[in-house]
Amino acid sequence: MKANEIVKELMKENGLNQTNVADLAGIQSKSVVSKFLTGSVTTDLSNVILIARSISPDRFIEITNQYIQEINKPQQVQNALEYAFTFNQVEVLDFLCSKFEGSRDVDDWVDVYSIAKDMLSADCDLVTLIDRLKEVYGQIKTQELKCSANLFEAYAYYKLNDDDRVEHLVSFAGTILSELKEGYLKESLLVRYNTLITLTSLYVKEDITKVKQAVKGITQSKYASDLSVASAYHSLAAAVTFVNLDEAILYYNKAVSLYDYLGRDYYVDRILKSDIPFAYNLHKKEFDTDGIDIEELAHYYVQRGENEVALDLLEGVKSLSVFGEFYKAKAGKDLLGLFEVQIKFSNYGFSFYTNLIKEAIKSL
């Protein structure tokens, strides 16, 4: 079934007309909806996304992916590649890169997004991918693609904890973004830009104000993926954890709701069993410790001066995280251990948490 046919079926099921759909999607002219419903494949992908998301959030990916099977124009292909990466649609990226490989109008886009597709793999070699991006950069014809390539490279360097390179590339991408014409590509690239601003402002610069501004840019975007929004709320919760417990819990719960909807059980468990308990422990607030992570249970006792209980709990953990090592060193009043953890926090890009070490050292 084609994309327009799926939408027609959903409209009938929900008793919606074209004006209703245009209003729900925030599209000023119902003629855009009408044109899409006729089966035209010239409808801008940005409008297809808005129509599909407004009429069925649960099936919008299916509708959009189906529409992409039918497109051919260069601008549509460029938008589709960006959409497929942003929404983690690897099969769609494969399809587009295969279909348009060697196409003169979008060959540079295919080259860059083929590299980006490999970046989505958990076991990718980031250094190799950065080298590949640099090799194709000279072939890039548009400012939009230059911006995208810089953001891909910046994210790779972020994963490699090279803060200086990240800052340089993000700054350059921001300059390009300010000069781009309005449209889907600019909006989507802004979400990726703000995601990197969020991460670097939180973990490197410890700038909560900038984190909040960047998160607002993500959560208010019509084209941000639910995963991007969930991650943004997750980061914002971490950013305010030290200064406002209630606000942190609010944002953690927003992230949990979205992660749960997306089936991201790992992140749901991480927030409920580690992140929220960490926030409560940090502020020495009482909470239900049943089922929480063993390291955070140890943290609970450390914060209450029951260091021997904490050490006993941590002894049973085969492989401690850097936070577990911190709780162990703090409970054991191990100055050398605290310094070692401080180095690890810095190496892992967790500079945001080094103040914990400083406070622990002062208390010895």
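Can you spot a residue in the stretch 185-208 that is without any contact (Cβ under 8 Å) to a residue 24 or more places away in the chain, part of a helix (DSSP H, G or I), within 24 Å of Arg270 (Cα to Cα) and charged (D, E, K, R)?
no
If you scan the stretch 50-77, which residues turn out to be under 16 Å from Val106 (Cβ atoms) and among the hydrophobic types (A, V, I, L, M, F, W, C)?
Ile68, Ile71, Val77
Only one of Ala116, Ala122 is outside any helix (DSSP H, G or I) and either among the small types (Gly, Ala, Ser) or assigned by TED's automatic domain parsing to the domain that holds Ser231 (or both). Can you tell me which? Steps first, please.
Details: Ala116 fails: outside any helix (DSSP H, G or I).
Sole residue among the options that is outside any helix (DSSP H, G or I) and either among the small types (Gly, Ala, Ser) or assigned by TED's automatic domain parsing to the domain that holds Ser231 (or both): Ala122.
What's the number of the only condition in (1) touching a residue at least 60 places away in the same chain (Cβ under 8 Å); (2) of a type outside the set (Asp, Glu); (3) over 19 Å from Lys73 (Cα atoms) that Leu45 fails to meet?
Condition (3) is where Leu45 drops out.
Which residue, of Thr195, Thr219, Thr209, is under 30 Å from Lys285 (Cβ atoms), among the polar types (S, T, N, Q), in contact with a helix residue (DSSP H, G or I) (Cβ under 9 Å, 6 or more places away or on another chain) and at pLDDT 95 or above?
The unique qualifying residue is Thr219.
Would you be able to say whether some residue in the stretch 131-138 is within 22 Å of Leu81 (Cα to Cα), among the aliphatic types (A, V, I, L, M) and either in the same structural domain as Ala238 (by TED's automatic domain parsing) or surrounded by fewer than 22 Cβ atoms within 10 Å (Cβ to Cβ) (or both)?
yes
Going by what's in this entry, would Leu50 be described as in contact with a Lys or Arg (Cβ under 8 Å, 6 or more places away or on another chain), buried (at least 20 other Cβ atoms within 10 Å of the Cβ) and touching a residue at least 24 places away in the same chain (Cβ under 8 Å)?
yes
Do we find a residue being closer than 25 Å to Val77 by Cβ and in the same structural domain as Asp111 (by TED's automatic domain parsing) anywhere in the stretch 204-215?
no
Out of curiosity, is Tyr158 part of a helix (DSSP H, G or I), aromatic (Phe, Trp, Tyr) and at pLDDT below 95?
Answer is yes for this residue.
Identify the residue in the stretch 55-100 that is hydroxyl-bearing (Ser, Thr, Tyr) and touching a residue at least 60 places away in the same chain (Cβ under 8 Å) and, among all such residues, is surrounded by the fewest Cβ atoms within 10 Å (Cβ to Cβ).
Only one residue fits best here, namely Thr86.
The values are calculated or read from the model by the stated rules, or taken from the named source; none is laboratory data. The structure presented is a predicted model; accordingly, all values stated were derived computationally and were not measured. Positions of Cβ are backbone-derived with ideal geometry, glycine not excepted, and every protein chain shown enters the neighbour counts.
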